[in-house]
């Protein structure tokens, strides 16, 4: 019987640092990141942790904005809180402003716009902060 091999490396075997992936390419050419995080059992999905752990050096000095989403009323607030220590350990810089979207299936209209004007406002604030922090971090990296 043949076992299907996982696209993720076994524990301790390489990762995207040794085997370039699309994720590595995205991170390398980005000055900052925005992670849209589905809340899964009050935290983030294990697949996301595996993806994040696949890189190290590429994250250094990058600002990261967080968008927590959930099907229910908690709006992904728990996932945003849970992932911050992981991001900090990876040398990423999560910004304070985040966007939390409850009932995500109802949050966007048929034109792709947020139904709630406050969500648009929070998103714009987050993007401004990412830009400011990313600019400040880039001067420190030189």
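The values are calculated or read from the model by the stated rules, or taken from the named source; none is laboratory data. Keep in mind it's a predicted model, so treat the numbers as computed, not measured. Reconstructed Cβ throughout: ideal geometry from the backbone, glycine too, with neighbour counts over all protein chains shown.
Does residue 80 satisfy the condition of being under 28 Å from residue 139 (Cα atoms), in contact with a strand residue (DSSP E or B) (Cβ under 7 Å, 6 or more places away or on another chain) and part of a helix (DSSP H, G or I)? Even if it seems obvious, please write down each step before you answer.
On the way: under 28 Å from residue 139 (Cα atoms): yes; in contact with a strand residue (DSSP E or B) (Cβ under 7 Å, 6 or more places away or on another chain): yes; part of a helix (DSSP H, G or I): yes.
Spelling it out, residue 80 is indeed under 28 Å from residue 139 (Cα atoms), in contact with a strand residue (DSSP E or B) (Cβ under 7 Å, 6 or more places away or on another chain) and part of a helix (DSSP H, G or I).
Of everything in the range 116-142, what is surrounded by 13 or more Cβ atoms within 10 Å (Cβ to Cβ) and assigned to a loop (DSSP other than H, G, I, E, B)? Give them in sequence order.
First, pick out the residues of the range 116-142 that are surrounded by 13 or more Cβ atoms within 10 Å (Cβ to Cβ): 116, 119-120, 122-123, 125-127, 129-131, 133-134, 137-138.
The one that is surrounded by 13 or more Cβ atoms within 10 Å (Cβ to Cβ) and assigned to a loop (DSSP other than H, G, I, E, B): 116.
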*If you check every pair at least six apart or on different chains, which have Cβ atoms under 8 Å apart with a residue in the range 40-68 that is more than 19 Å from residue 99 (Cβ to Cβ) first and a residue that is at pLDDT 90 or above and assigned to a strand (DSSP E or B) second?*
59/92; 61/93
*Specify which of the listed residues (87, 37, 50) is modelled with pLDDT under 90, at negative phi and not in a loop (DSSP other than H, G, I, E, B).*
50
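Identify all residues within the range 88-127 that are more than 19 Å from residue 75 (Cβ to Cβ) and in contact (Cβ under 8 Å) with a residue 12 or more places away in the chain; write none if there are none. Break it down stepwise before answering.
We begin by selecting, within the range 88-127, every residue more than 19 Å from residue 75 (Cβ to Cβ); these are 88-93, 110-112.
Selection gives 90, 91, 92, 93.
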